[in-house]
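Notes for the one structure printed next.
Throughout, read-outs are computed from the coordinates displayed, never taken from laboratory work. Since we're looking at a predicted model, the values are computed, not measured. Please note: Cβ atoms are built from the backbone with ideal geometry, for glycine as well, and neighbour counts cover all protein chains shown.
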Number of protein chains: 2
Amino acid sequence: MSTTPPKRFETRLAFGLAGWLVLCFSAASLGAFFMPGEWYATLKKPLWNPPGWIFGPVWSALYAMMAVAAWLVWKRGGFVAQRRPLALFLTQLALNAAWTPLFFGLHWPGLAFAEIVLLWLAIAATIAAFRPVHRIATWLLVPYLAWVSFAAALNFTLWRLNL
Amino acid sequence: MSTTPPKRFETRLAFGLAGWLVLCFSAASLGAFFMPGEWYATLKKPLWNPPGWIFGPVWSALYAMMAVAAWLVWKRGGFVAQRRPLALFLTQLALNAAWTPLFFGLHWPGLAFAEIVLLWLAIAATIAAFRPVHRIATWLLVPYLAWVSFAAALNFTLWRLNL
């Protein structure tokens, strides 16, 4: 007889998923402090600037996928076995959290662009580290990298158009 | 007659303080994922390396002071009036959260040192931005800057001693 009944194991997994979701949406919530206001409205925008309502749903989906991806990797042995991939994941999450204060808080698109380039590299490194661990987790991060590529292009353009 | 009774205002302040504490201790909790383990134990250490038990209480006190400092500034008009100081504060908090995954997660003291230098600059900029807003909030961050200076020196030494 096992000393760890399956029920207990499942509870642990469910708590783990909840934990990753809370963590990712905590980082996301930093974005809510600095909503695009007057300053953003007055910026010159490129023709391909997406409508404002698109960002909320897209980011919500991306944070949820991010949390599930981290959870899938974490399930395979926790922080001990997956130290390096999860460290890269948390690094990209912290860089993600820093972008909104830099752009919408400080109104400093140049610094925010430098930061989003680091974020892009950290996401790419996380994807590379997830790849040998869990195939679905890897794919769950691809839309995120694509969106951050687009966001970086938009950030760069907004910076150069409004010097 | 006022439409906002004082009781309601006080409730809002209390929730604000709770919010800042949760935010700062969430950043702190990232540190708990990667406890100093075998790798850290085998690192060559300088003679002035402090005993391990010191870090927990020191960081707990520093995170609490940090939260109170942000709250004191936030009380003076919220994110609209204090956009810039609070954006700097959140930037330093994100950089703070990134250090543990880089050092204890990736075992990459060189990159962690580069990052802690950015953290130091972000804290110094936050202190400078808090200064005209709230004197006590400013002083509450000074021990934090002092400790991060020490931590940066320790990080640098651990990096160079273990190349």
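Apply the Karplus curve 6.51 cos²θ - 1.76 cosθ + 1.60, θ = phi - 60°, to the phi angles in the range B:21-27 and return the couplings in whole Hz, x for Gly and Pro.
Coupling constants for the range B:21-27: 5, 4, 4, 5, 6, 5, 4 Hz.
Placing unit charges on C-beta atoms (Lys and Arg positive, Asp and Glu negative, everything else neutral), compute the dipole magnitude of the range B:45-163 about its Cα centre in debye, rounded to 20.
Working: 8 positive and 1 negative charges, 77 e Å.
Approximately 360 debye in magnitude.
Once the piece of chain linking A:Ile136 and A:Val22 is laid out straight, how much longer is it, given 0.36 nm per residue of separation minus the C-alpha distance between them?
Answer, rounded to one decimal: 39.0 nm.
Is the protein assembly as shown best put as rounded, prolate or oblate by its Cα gyration tensor, with a ≥ b ≥ c the root eigenvalues, rounded for a/c under 1.5, and otherwise prolate when a/b is larger than b/c, oblate when not? Intermediate values should be presented prior to the final figure.
Values: a/c = 1.40, a/b = 1.15, b/c = 1.22.
The shape class here is rounded.
Peptide B:94-103: average number of partner chain Cβ atoms within 10 Å per residue?
Per-residue shielding by partner chains comes out at 6.
Fewest to most neighbouring Cβ within 10 Å: what's the order for B:Ser26, A:Ser149?
Working: B:Ser26 17, A:Ser149 14.
Fewest-to-most ranking of B:Ser26, A:Ser149: A:Ser149, B:Ser26.
Could you go through the range A:105-119 in sequence order and give the Karplus-derived ³J(HN,Hα) for each residue, using 6.51 cos²θ - 1.76 cosθ + 1.60 with θ = phi - 60°, rounded to whole Hz, and x for Gly and Pro?
x, 7, 6, 10, x, x, 5, 4, 5, 4, 5, 6, 5, 5, 4
Given the options B:Gly110, A:Thr91, B:Pro57, identify the residue whose Cα lies farthest towards the positive end of the charge dipole of the protein assembly as shown (+1 on Cβ of Lys, Arg; -1 on Cβ of Asp, Glu).
B:Pro57
What ranking of B:Val80, A:Val133 emerges when the number of other C-beta atoms within 10 Å of each C-beta is taken as an exposure proxy, fewest first?
Neighbour counts put them in this order, fewest first: B:Val80, A:Val133.
Taking the Cα centre as origin and putting +1 on Lys and Arg beta-carbons and -1 on Asp and Glu beta-carbons, what dipole magnitude results for the protein assembly as shown, to the nearest 20 debye? Walk me through the intermediate numbers first.
Numbers: 24 positive and 6 negative charges, 39 e Å.
With Lys and Arg at +1 and Asp and Glu at -1, about 180 debye.
Compute the label-point distances linking A:Gly52 to its equivalents in the other copies; points lie 7 Å from Cα along Cα→Cβ; give nm, one decimal, shortest first.
For A:Gly52, the inter-copy label distances come out at 5.1 nm.
Using DSSP to call loops (not H, G, I, E or B), can you name the trypsin sites (Lys or Arg not before Pro) in the range A:14-90 whose Cβ has at most 12 other Cβ atoms within 10 angstrom? Working shown, then result.
Values: sites: A:Lys44, A:Lys75, A:Arg76, A:Arg83; in loops: A:Lys44, A:Lys75, A:Arg76.
Loop-located and lightly packed - A:Lys44, A:Arg76.
What is the spin-label model distance, in nm, from A:Ala146 to B:Ala32 if the labels are put 7 Å beyond Cα along the C-beta direction?
3.7
With contacts defined as alpha carbon pairs under 8 Å and 6 or more residues apart, what's the relative contact order of chain A in percent?
29
What is the fewest-to-most order of B:Ile123, B:Ile54 by other Cβ atoms lying within 10 Å of their Cβ?
Numbers: B:Ile123 25, B:Ile54 9.
With the fewest neighbours first, B:Ile123, B:Ile54 line up as B:Ile54, B:Ile123.
Tell me whether chain B comes out rounded, prolate or oblate; compute the Cα gyration tensor, take square roots of the eigenvalues as a ≥ b ≥ c, and use a/c under 1.5 as the rounded threshold.
Since a/c reaches 1.5 and a/b is larger than b/c, the shape of chain B is classed as prolate.
Can you return the lysines within cross-link range of B:Lys44? Criterion is Cα-Cα under 29 Å, with same-chain partners fewer than 8 residues away left out.
Filter leaves no residues.
What are the ³J(HN,Hα) values, in whole Hz, obtained from phi via the Karplus relation 6.51 cos²θ - 1.76 cosθ + 1.60 with θ = phi - 60°, for each residue of the range A:35-51 in sequence order, with x given for Gly and Pro?
Per residue, the Karplus-derived 3J(HN,Hα) values read 6, x, x, 4, 4, 5, 4, 8, 5, 5, 10, x, 4, 8, 5, x, x Hz.
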